[in-house]
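Everything below concerns the one structure shown next.
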Amino acid sequence: MSTAGSRTVGYYVHHHGSGHAHRATAVAGELHRRGVVVTGLSSAPRPTGWPGHRGLARRTAQLSAWLADADPDVVVTDVSQEATLLARLHGVPVVSVVLPGRRDDAAHALGLGVSAAVVSFWPRAAHGMAPGLPADVAARLQPLGGLSRFAPDPSPVASDRAGSVVVLAGTGGGSGVLQEAAARGAAAAPDLVWRVLGPGSWSADPWAEIRAADVVVTAAGQNSLAEVAAARVPAVVVPQDRPHDEQATTGRVLADEAWPALVVDDPAGADWAGLVRRAARLDGGRWAGWVDGGAASRMADVVLGAGGRP
C-alpha cells in the first residue's frame, strides 16, 4: 500500500488506437490535481508478420514486478482482461472500462466480474451500448458520459445550412472508407468546402477544424465522437467494422433521434450531398447530453472510491 498521505494508481492503456491514451491522459490529469501518483502501463504493437514472441510473457512479468514494487491502491484497465486478472491476483482492486459492443464472451465476463468497479464512457441515456453483459456486471456498470480531451464548446455557432464539411478519416484501418466517402461527397456537392483529416493531411489542431465545421463526417469510435460532441457540431457517422460489433452497436444507438447525427451503413451508395445538408439542420447543442465535460472528474471519483482494500 502507498505511504501515508499519498495514493498510487496504475493505469493500463490499450495500445490500439489513440482514444484509450487520450482518455487516460485526461483522467490522469484529474487525479494528479488531487495529489494522486499515476503510472501509465502499456506496450508497443507486436512486429508485423511475427507469428509469436515473448512480448506477452515479458510484459506480464514487468506488470507483475511493478505491482509488487509500487503496491498501488488501484489499477485502471482500459482495456485488458489479462491485466485485470493479473492485478486481482496481486490483491489490487481494479476499475475496468467497458467498450461498446457485445462483450458477453467468457474472458469479459471473468475480468469484469472480478473488477471492483465497471465504467463506460457514454451517457446513461445512450441505451443498448453494451448488449449481452452478464446481469451482475450490467447492474454495476456506471456510464460516465463521453470523455473528450477538449473542453466542451460553451457557445457553439448554430447553422442550418452546410457550408463546410470536415471528414475525420483518422489513421486506422477504416480511413480509406471515409476518404472515399469524402471524394464522393465533394463530387456530389462541389459547392461545399470539404476538408479531410487523415493520412498525409492531419491537422496540428483538429479541434479548431472541427469547431469551424458545419458538419463532421466521422467513424463511430469513442474518441472521435466525443470530440465532435464536445464541439457541438452535427455529424454524419459511418460505423467501421470492429471486433465485438463495437462501432455497429454505437451506430444503432446514435440512430435514435435524440442525438444530432445521421448514421450511414452503406457509404458507397449514400446520397452524400443530401446527407450533409440534412445533418446541418440538426441541433448540435443536443450533444451536451453525450459530453458535458465532467467525465474525467467522475472517473477520478470512481478510481479513488475503489482504492480501499480489505
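The values are calculated or read from the model by the stated rules, or taken from the named source; none is laboratory data. This structure is a prediction, so every number in the text was calculated from the model and none was measured. Ideal geometry is used to build each Cβ from the backbone, glycine not excepted, and the neighbour counts take in all protein chains shown. Accessible surface areas use protein heavy atoms only, side chains included; no ligands, DNA or RNA. Shrake-Rupley method; radii C 1.70, N 1.55, O 1.52, S 1.80 Å.
In the range 197-206, the condition of being surrounded by 15 or more Cβ atoms within 10 Å (Cβ to Cβ) and of a type in the set (A, V, I, L, M, F, W, C) is met by at least one residue. Of the strands (runs of 3 or more DSSP E) entirely within the range 123-241, those holding at least 2 residues that are among the hydrophobic types (A, V, I, L, M, F, W, C) occupy 164-168, 193-197, 215-218, 235-237.
One residue is enough: does the range 102-114 have a residue meeting the conditions under 19 Å from Gln247 (Cβ atoms), open to solvent by 70 Å² or more (accessible area, probe 1.4 Å), modelled with pLDDT of 95 or more and not aromatic (Phe, Trp, Tyr)? Steps first, please.
Filtering the range 102-114 for residues under 19 Å from Gln247 (Cβ atoms) gives 102-105, 108.
Remaining after also requiring open to solvent by 70 Å² or more (accessible area, probe 1.4 Å): 102, 104.
Narrowing the set further to residues that are modelled with pLDDT of 95 or more leaves 102.
Going one step further and asking which of them are not aromatic (Phe, Trp, Tyr), we end up with 102.
Within the range 102-114 (the criterion being under 19 Å from Gln247 (Cβ atoms), open to solvent by 70 Å² or more (accessible area, probe 1.4 Å), modelled with pLDDT of 95 or more and not aromatic (Phe, Trp, Tyr)), the answer is yes, since at least one residue qualifies.
For the range 65-84, the set of residues classified as open to solvent by 40 Å² or more (accessible area, probe 1.4 Å) and over 22 Å from the mean Cα position of the chain (by Cα) consists of Ala65, Trp66, Ala68, Asp69, Asp71, listed by residue number.
Give me a count of the residues in the range 259-310 that are assigned to a helix (DSSP H, G or I) and not hydrophobic (A, V, I, L, M, F, W, C).
Number satisfying all stated conditions: 13.
Candidates Arg124, Arg88: the one that is under 25 Å from Ala248 (Cβ atoms), in contact with a strand residue (DSSP E or B) (Cβ under 8 Å, 6 or more places away or on another chain) and open to solvent by 10 Å² or more (accessible area, probe 1.4 Å) is Arg124. Residues in the range 129-154 that are surrounded by fewer than 15 Cβ atoms within 10 Å (Cβ to Cβ) and either touching a residue at least 40 places away in the same chain (Cβ under 8 Å) or of a type in the set (Val, Ile, Thr) (or both): Ala151 alone.
The set of residues in the range 257-296 being without any contact (Cβ under 8 Å) to a residue 40 or more places away in the chain and either surrounded by fewer than 18 Cβ atoms within 10 Å (Cβ to Cβ) or basic (Lys, Arg) (or both) consists of Glu257, Asp265, Asp266, Gly269, Gly274, Arg278, Arg286.
One line per residue, one yes/no per condition, for (1) over 23 Å from the mean Cα position of the chain (by Cα); (2) surrounded by 16 or more Cβ atoms within 10 Å (Cβ to Cβ):
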site	(1), (2)
Ala183	yes, no
Leu192	yes, yes
Glu209	no, yes
Ala220	no, yes
Asn223	no, yes
Val228	no, yes
Val238	no, yes
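Of the residues making up the range 44-62, one or more are of a type in the set (S, T, N, Q) and either modelled with pLDDT of 90 or more or part of a helix (DSSP H, G or I) (or both).
Taking the condition within 25 Å of Ala288 (Cα to Cα), crowded, with 18+ Cβ neighbours inside 10 Å and under 18 Å from the mean Cα position of the chain (by Cα), does Ala213 pass? Spell out the reasoning first.
Details: within 25 Å of Ala288 (Cα to Cα): yes; crowded, with 18+ Cβ neighbours inside 10 Å: yes; under 18 Å from the mean Cα position of the chain (by Cα): no.
Here the answer is no, as Ala213 does not meet what is asked.
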